1. For region 113-126, does any single residue satisfy the condition of being within 14 Å of the chain's Cα centre (by Cα) and either closer than 19 Å to Gly216 by Cα or polar (S, T, N, Q) (or both)?
2. What's the total number of residues in region 75-105 that are within 20 Å of Cys31 (Cα to Cα), among the hydrophobic types (A, V, I, L, M, F, W, C) and assigned to a strand (DSSP E or B)?
3. Under the condition of being under 22 Å from Leu153 (Cα atoms) and within 13 Å of the chain's Cα centre (by Cα), which residue from region 189-241 is surrounded by the most Cβ atoms within 10 Å (Cβ to Cβ)?
4. Can you go through Ala190, Ala194 and tell me which one is farther than 30 Å from Asp30 by Cα and in contact with an Asp or Glu (Cβ under 8 Å, 6 or more places away or on another chain)?
5. Taking region 8-42 as the region of interest, how many residues are among the small types (Gly, Ala, Ser), more than 23 Å from Ala199 (Cβ to Cβ) and either surrounded by 14 or more Cβ atoms within 10 Å (Cβ to Cβ) or at pLDDT 95 or above (or both)?
6. Do we have any residue at all in region 134-154 that's assigned to a strand (DSSP E or B), out of contact with any Leu (no Cβ under 6 Å at 6 or more places or on another chain) and aromatic (Phe, Trp, Tyr)?
Amino acid sequence: MVIRIAAVGDVHVDEDVVGRFRPALEELPDCADVLLLAGDLTRHGTEAEARCVAREFGGLGVPVITVLGNHDHQCDQVPQVVKVLEDAGITVLEGTGTVLECAGGRLGVAGVKGFGGGFAGRCASDFGEPEMKSFVRTTRESADALASALLSLDCDALVALTHYAPVPDTLAGEPLEIYPFLGCYQLGQAIDSAPTALALHGHAHHGTERGTTPGGVRVRNVAHPVIKQAYSVFHLGEQLD
């Protein structure tokens, strides 16, 4: 049995974008059991933009699950954004998870926005100024929340959904200087701490689609500028696309 997962991130919806994705989204029930959104749903994180997201991604005939991205935090309206999305039937994860009953089995999705910090050998450390300690503490807390959510789910197939990247592989194409602001190795460790089948993220607009955690979990960058389509579809239960 196969579970079909559609995914996209970094759609940056506002009034000008509404309707652009919808024709392809209307076809989702024919090709996917669920749609996962990897953050940066809006341009500036306003309640008005969230209503545009709700119009574009609500009522699709399949469950829609999302994490927020850095753009969705810009205007400090996160509670309003989350309420608008949830009122539209979109599940918002942040250090939490959910299990869906699909035709191909029980799909568990654990999600967190994540944060920066860098990767092995070139990463920030919890040392020095309070500001640096706070930065790294945020990274660790986010990764710990993802690990706890992944380990809490009783399911047949487990997916990790983040905005920030868990591995450097999918950042290839981005300037090396900004890798620490695009992801962190702690998210990869969290993904490897559970029997995760697939990890999806966005954020890296100029990155690469495919990567792997140190533990061998397949990672896919589904940022819209990378996949260049309304969504990609992945199949769990057979060799991953």
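1. no
2. Summing the residues that are within 20 Å of Cys31 (Cα to Cα), among the hydrophobic types (A, V, I, L, M, F, W, C) and assigned to a strand (DSSP E or B) in region 75-105 gives 4.
3. My answer is His201.
4. Ala190
5. Residues in region 8-42 being among the small types (Gly, Ala, Ser), more than 23 Å from Ala199 (Cβ to Cβ) and either surrounded by 14 or more Cβ atoms within 10 Å (Cβ to Cβ) or at pLDDT 95 or above (or both): 1 in total.
6. No, region 134-154 contains no residue that is assigned to a strand (DSSP E or B), out of contact with any Leu (no Cβ under 6 Å at 6 or more places or on another chain) and aromatic (Phe, Trp, Tyr).
To keep it simple, each residue is scored yes or no on (1) surrounded by 17 or more Cβ atoms within 10 Å (Cβ to Cβ); (2) at pLDDT below 95; (3) of a type in the set (Val, Ile, Thr).
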| site | (1), (2), (3) |
| --- | --- |
| Lys83 | no, no, no |
| Ala88 | yes, no, no |
| Thr96 | yes, no, yes |
| Ala103 | no, yes, no |
| Ala143 | yes, no, no |
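The values are calculated or read from the model by the stated rules, or taken from the named source; none is laboratory data. Bear in mind that the values here come from a model prediction, so they are computed numbers and not experimental data. With ideal geometry, Cβ positions are generated from the backbone for all residues, glycine too; neighbour counts draw on all protein chains shown.
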